[in-house]
Amino acid sequence: MVMLRRKTWRDIKENFGVYLACIMVIALGLLLYTSMSIAVESMDKAQQDFYAETNFADGFITVTGYPENKVNSLTFLPGIDQAAGRIVKEVRVIDQQKDSNRYLKMVTLNEANASQINQIQLIDGQLPKENQPEILVDPKFLAANHLSLGDSIDLSIDGNQVSLYITGTAQSPEFIYIMRNAQDLYPSAEEFGIAYISLSTLKALVKEKGQVNDIVFTLEDGVSFDSVKDNLQAELKPYGFRSIVPRKDQTSNSILTSEIKQIRTMTKTLPVVFLGVAAIILYTMLRRLIEQQRVSIGTLKAFGFTDREIVLHYLTYPVVIGTTGGLLGGLSGVALSFPLTAMYKEFFALPGLKSEFSLKYLFISIALAFVFSVLSGVKGSLDILRLEPAEAMRPPAPGTARKTLIEKFTWFWKTLSSQAQMGIRDVFRTPTRSLFNVIGIAVVYSLMTVSWSMQNMTDLLTVVQLEQVQTYDVKLQLTDPSPTGAVKFAVAHELGVSKVEPVLEVPASLRNGWLKKDVALMGLSDESTLYNILDKNGRRLEVSDHGVLISEHLAKSLNVKAGDVIYVESPLRRETLSQKGENLLVTGVVPQYVGLNAFMKDTELQRFLRQGEISTAMLIQMDSAEIGSMKSKYQNASNVSSIESLKDTGAKIQKMMESFGFTVWLLAILGGFCGFALIYNASIISLSERKRELASLRVLGMTPREVLRVITSEQWTLYAFGILLGIPMAYGLSMSMAQSMSNDMYSLPADLPPMALLGAAAGTAFSVLVAQSRAYYKIKSLPYVEILATRD
Amino acid sequence: MEVLMEGKDLRKHYRTGEVEIEVLKGISFQIFYGEFIVILGQSGSGKTTLLNIIGGMTQPSMGELYYKEQPLHKIDDQELTLYRRNEVGFVFQNYNLMPNLTAYENIRLAVEIAQNPLSVSDILREVGLENWSDHFPSQLSGGQQQRVAIARAIVKNPEILLCDEPTGALDIQTGVQVLKVLQKLNREYHKTVIIITHNVEIAKMANRVFYLKDGLLDDVRVIERPLCPEEISW
């Protein structure tokens, strides 16, 4: 059917602008799908491969001190395959020139005769020798601090200054995403890194002689972590057992896996939105084309073209558009996957992470576009089947001549101009087409609203957290739980200190039936003002004397509400035979945007732990001029693990939020483009249908601007309905996005502030205006005399 | 003379919007091979509907229609399509050319589905448009467009050529040119040609004239000596 194909190409050329807009919408959707799919597949593969190559541990234990020579005996416990002990020590980098907080986590390397769990991959240089002052560091720390192989670095280890030489860089599966602790939120390569050192070298520098404080283990095939946990805890309890964490909750693995999961979700949802908008455009375009070419269809039928041949001819339009968009989107997505993967490599130090040209995703991209396009064209094309040739060549019966709903409001209707009445009437007389356009506008509006609101979400995370929740100036973190009175007394007498509040933070397991979550249980002092718990309306809540307050995310994970009872255990609790943990009442559920905590009164938590009056940190309110000297004094203290000002915390949170900014703008721009494509298509269809009417108005003496009102009134009506439908859609989308992007580190609120709704309405209106400017140009150049002279 | 087509008590009603109309109220006729027939009638007499039924463009609501002794009124849509493809050529008042195909391409469109087509170049020459083959419809006059439409209809080599007011949109000079082509197709190519018109003068070209009035066949007259198109004027 060569001639029919030629007709197709020429028809497409005549309406090239609309078809091009549709191709771009499809291409955008598939660009996102392809690039993210390739990136996530690469990440997943690199993760699995690296874990397998390095024998990544199934479980991670911290203890105060466990005899080195007993570590191997842990493999005799049922279910344990291999076990390896290490010394893990966080040490401060001594920096004479800068007043900065830089820390290294020292991790001893596996001995040659020990189980090779969590093996490191040497990237550059060579392994440090036994008993030599040599270390490996992670490559990001090396680069961020402008260090080179062979440089020495001064560290404060157990109160002593030590110089160690950097012999190389390495990567461990345990530290693909390097964070100092779960509250850190964002990696800071300059301030925190990992160092690998031989066991004999570190043993000589620390007080832990003949002992390890960190154990990693692997499980036998088919054995679950929960089945070995109790035995391990029981075995290690006498040695100051602190925590035991399965692989899935190990910080780096958890963040990496969560990121992969999030990207996968986005690859499934975002392209559907774009393809849906494109399908709406194609559907309305094809229906219009078939209506316009009714006589041609009748002629083809009269000549003996079969229905199948004619339907296939008209299906060619969406197929050509879809395949072109799919190919463009697929190819550009493959190209984009390279920089996208490189961006992920900045965050995740995954060896072997690289993008590759993927035929698979290119084909899927084209196939997806093909399927969506054909489906959008099927309905319109099948309408052809209903037409007899003779009927097709008769002009269609005039539409129904009943009053539309809006005309019943006569007082309002009379205020409208004739052009506006013409435009609005048409919205209600073509209900199916109008409905599709309204849905399309609603989708675009909700996309834009959510992108605006993400800005608000990030403000909540930063502003609320730093100005209302954490109101201290400095947090002094102790190495071990210490008697509250003594530490508080010492700190309170420092220069510039106006208030000190002790805080007790301990690892705990919260359980409701089979649902379990490991969190940091936080005990706050009576009437604490340096760490505030806020309710939904931002009002300060007092922690009750008994029971526990939990965050919304935690409540959801455990499926509990206020008034429920949860079972709480902590490795720091002094247990009795009968009572390992305790049932505690959930006294309330509160929003928490940063971190995953449960809150108790410090006295209540101390009672639970049965360790007396202890604290793990001091929150300090002090004169900002004295913070520097406070830091200098306590940085080297052996019982202080870190001292951080709120300014430092704020900078980290800010950095994390900046990464959201790109997503916000991208969504807004893509949403705007979809809106433009939809409205542009609707205006072109309107124009072509109304050529005679508009030409008549021009002959009557109306200016192009006055004539444009027929089109604009229709579009603003569709816009208004689209916004109305879009508001609940935006709430739904915001909730599902907040849910999918929230994790144990931060929770995004699903708020839609009025500014987001208004801003998105303005953005959508802008798309409408741009489309209308094109319509104005077409009306201005309308050959009205010629139109009125030719018969339909 | 051998009967090509026979209609028995043909009736047709259809719905336009909310109105039901009975257009043909019982028409019976015979059409012979190689005839030149003109169907005359005023607007609303049912002549276009009758032509559409003859051409397989629509089915009668009641009655019987036989083509080469085969019952057209009983066949399904697929077979009707084949009938139109292989046996019928249609010429419309408003030409109905594909606007974005050239004259040559419009004719070629019909060739692609024909079982036994004629040569496109030969047909273009027959209708006097061999120098206009690369022109789009918008670049042709009304008469030229109608001749392209005739060429498109005839290139399929159909048995029967149906023309719905072929000169309706043309001036007399151009109309005569078109009628000359149609007469040539009838006399030299032995095609059965049926024209519907409200123009009484054109009836003088026919072998027989069917007079339609209010959906009924009012009269059938034989023209002993059909005129040439140059001999008629309106």
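The values are calculated or read from the model by the stated rules, or taken from the named source; none is laboratory data. Just so we're clear, the structure is a prediction, and the values are computed from it rather than from any experiment. Using ideal geometry, Cβ is built from the backbone for each residue, glycine included, and neighbour counts are taken over all protein chains shown. Side chains included, ligands, DNA and RNA excluded: accessible areas come from the protein's heavy atoms. Shrake-Rupley method; radii C 1.70, N 1.55, O 1.52, S 1.80 Å.
How many residues, within the stretch B:168-193, are open to solvent by 10 Å² or more (accessible area, probe 1.4 Å) and either assigned to a loop (DSSP other than H, G, I, E, B) or farther than 21 Å from residue B:34 by Cβ (or both)?
Residues that pass the stated criteria total 13.
It is to be established whether one or more residues within the stretch A:536-557 are in a strand (DSSP E or B), closer than 22 Å to residue A:474 by Cα and of a type in the set (D, E, K, R).
yes
Sort through B:76, B:134 and tell me the only one that's within 12 Å of chain A (Cβ to nearest Cβ), more than 20 Å from residue B:190 (Cβ to Cβ) and either in contact (Cβ under 8 Å) with a residue 60 or more places away in the chain or of a type in the set (D, E, K, R) (or both).
B:76
Listed residues B:152, B:108; which is open to solvent by less than 10 Å² (accessible area, probe 1.4 Å), within 14 Å of another protein chain (Cβ to nearest Cβ) and of a type in the set (D, E, K, R)?
Of the residues listed, the single one that is open to solvent by less than 10 Å² (accessible area, probe 1.4 Å), within 14 Å of another protein chain (Cβ to nearest Cβ) and of a type in the set (D, E, K, R) is B:152.
Test residue A:384 against the stated conditions and say whether it is closer than 30 Å to residue B:89 by Cα and assigned to a helix (DSSP H, G or I).
Taking the combined requirement at face value, the residue satisfies it.
Tell me, which strands (runs of 3 or more DSSP E) lie completely within the stretch A:162-259 with 3 or more residues that are more than 29 Å from residue A:475 (Cα to Cα) and either open to solvent by less than 20 Å² (accessible area, probe 1.4 Å) or at pLDDT below 90 (or both)?
In the stretch A:162-259, the matching strands (runs of 3 or more DSSP E) lie at A:211-219.
Restricting attention to the stretch A:1-54, which residues are surrounded by fewer than 19 Cβ atoms within 10 Å (Cβ to Cβ), away from chain B (no Cβ under 14 Å) and polar (S, T, N, Q)?
Across the stretch A:1-54, the qualifying residue is only A:48.
Considering only residues that are in a helix (DSSP H, G or I) and open to solvent by 30 Å² or more (accessible area, probe 1.4 Å), look in the stretch A:294-306 and name the one that is farthest from the other protein chains (Cβ to nearest Cβ).
If we take residues in the stretch A:294-306 being in a helix (DSSP H, G or I) and open to solvent by 30 Å² or more (accessible area, probe 1.4 Å), then A:294 is farthest from the other protein chains (Cβ to nearest Cβ).
Restricting attention to the stretch B:59-82, which residues are surrounded by fewer than 20 Cβ atoms within 10 Å (Cβ to Cβ) and among the hydroxyl-bearing types (Ser, Thr, Tyr)?
Listed by number, the residues that qualify are B:61, B:66.
Being closer than 30 Å to residue A:751 by Cβ, touching a Leu at 6+ places or on another chain (Cβ under 7 Å) and open to solvent by 10 Å² or more (accessible area, probe 1.4 Å) is true for just one of A:519, A:503. Which residue is that? Walk me through how you get there before you give the answer.
Numbers: A:503 fails: open to solvent by 10 Å² or more (accessible area, probe 1.4 Å).
Just one listed residue meets the conditions, A:519.
Against the conditions (1) in contact with a Lys or Arg (Cβ under 9 Å, 6 or more places away or on another chain); (2) part of a strand (DSSP E or B); (3) not hydroxyl-bearing (Ser, Thr, Tyr), where does residue A:110 fall short? Just the number, please.
(2)
Could you count how many residues in the stretch A:126-152 are touching a residue at least 24 places away in the same chain (Cβ under 8 Å), open to solvent by 40 Å² or more (accessible area, probe 1.4 Å) and outside any loop (DSSP other than H, G, I, E, B)?
Matching residues across the stretch A:126-152 total 3.
Which of the residues belonging to the stretch A:302-318 are hydrophobic (A, V, I, L, M, F, W, C) and touching a helix residue (DSSP H, G or I) at 6+ places or on another chain (Cβ under 7 Å)?
Passing the criteria: A:302, A:303, A:310, A:311, A:315.
Residue by residue through the stretch B:93-102, note down the ones that are at the interface with chain A (Cβ under 7 Å from one of its Cβ atoms), open to solvent by less than 40 Å² (accessible area, probe 1.4 Å) and either within 13 Å of the chain's Cα centre (by Cα) or polar (S, T, N, Q) (or both).
Matches in the stretch B:93-102: B:96, B:100.
Can you pull out the residues in the stretch B:10-34 that are within 14 Å of chain A (Cβ to nearest Cβ) and open to solvent by 50 Å² or more (accessible area, probe 1.4 Å)?
Selection gives B:13, B:14, B:15, B:16, B:18, B:19, B:20, B:21.
Could you please find all residues in the stretch B:115-128 being open to solvent by 20 Å² or more (accessible area, probe 1.4 Å) and either within 14 Å of chain A (Cβ to nearest Cβ) or in a helix (DSSP H, G or I) (or both)?
Correct list: B:115, B:116, B:117, B:121, B:122, B:125, B:126.
What's the number of the only condition in (1) farther than 16 Å from residue A:302 by Cβ; (2) within 12 Å of chain A (Cβ to nearest Cβ); (3) in contact with a helix residue (DSSP H, G or I) (Cβ under 7 Å, 6 or more places away or on another chain) that residue B:65 fails to meet?
(2)
Determine which single condition residue A:312 fails, assuming it passes every other condition in (1) more than 20 Å from residue A:433 (Cβ to Cβ); (2) open to solvent by 10 Å² or more (accessible area, probe 1.4 Å); (3) more than 14 Å from every other protein chain (Cβ to nearest Cβ).
In the conditions (1) more than 20 Å from residue A:433 (Cβ to Cβ); (2) open to solvent by 10 Å² or more (accessible area, probe 1.4 Å); (3) more than 14 Å from every other protein chain (Cβ to nearest Cβ), residue A:312 misses (3) alone.
Is there any pair with a first residue in the stretch B:42-53 that is more than 17 Å from residue B:31 (Cβ to Cβ) and a second that is modelled with pLDDT of 90 or more and open to solvent by less than 20 Å² (accessible area, probe 1.4 Å) whose Cβ atoms are under 6 Å apart and which are 6 or more apart or on different chains, and what are they?
If the second residue must be modelled with pLDDT of 90 or more and open to solvent by less than 20 Å² (accessible area, probe 1.4 Å), the pairs left are B:45/B:212.
Given A:549, A:524, A:530, which one is touching a Gly at 6+ places or on another chain (Cβ under 7 Å) and closer than 20 Å to residue A:604 by Cα?
Details: A:524 fails: touching a Gly at 6+ places or on another chain (Cβ under 7 Å); A:530 fails: touching a Gly at 6+ places or on another chain (Cβ under 7 Å).
Within the list A:549, A:524, A:530, the selection yields A:549.
Would you confirm, using the coordinates I've provided, whether residue A:363 is open to solvent by 60 Å² or more (accessible area, probe 1.4 Å), within 30 Å of residue A:251 (Cβ to Cβ) and more than 14 Å from chain B (Cβ to nearest Cβ)?
The answer is no for residue A:363.
Which residues, taken from the stretch A:678-734, are open to solvent by 50 Å² or more (accessible area, probe 1.4 Å), farther than 23 Å from residue A:286 by Cα and of a type in the set (D, E, K, R)?
Passing the criteria: A:705, A:706, A:709.
Residues being part of a strand (DSSP E or B) and over 17 Å from residue A:594 (Cα atoms): count how many of those fall in the stretch A:507-522.
So the answer is 7.
Does residue B:131 qualify as being more than 18 Å from the chain's Cα centre (by Cα), modelled with pLDDT of 90 or more and open to solvent by 60 Å² or more (accessible area, probe 1.4 Å)?
yes
Exactly one condition in (1) surrounded by fewer than 14 Cβ atoms within 10 Å (Cβ to Cβ); (2) closer than 25 Å to residue A:226 by Cα; (3) modelled with pLDDT of 85 or more is not met by residue A:545; state its number.
Of the numbered conditions (1) surrounded by fewer than 14 Cβ atoms within 10 Å (Cβ to Cβ); (2) closer than 25 Å to residue A:226 by Cα; (3) modelled with pLDDT of 85 or more, the odd one out for residue A:545 is (2).
Evaluate the following for residue A:536: is it under 18 Å from residue A:464 (Cα atoms) and either in contact with a Phe, Trp or Tyr (Cβ under 9 Å, 6 or more places away or on another chain) or among the charged types (D, E, K, R) (or both)?
Against the criterion (under 18 Å from residue A:464 (Cα atoms) and either in contact with a Phe, Trp or Tyr (Cβ under 9 Å, 6 or more places away or on another chain) or among the charged types (D, E, K, R) (or both)), residue A:536 qualifies.
When you scan the stretch A:492-499, do you find a residue that is in contact (Cβ under 8 Å) with a residue 24 or more places away in the chain, at negative phi and open to solvent by less than 20 Å² (accessible area, probe 1.4 Å), even just one?
No, that holds for no residue.
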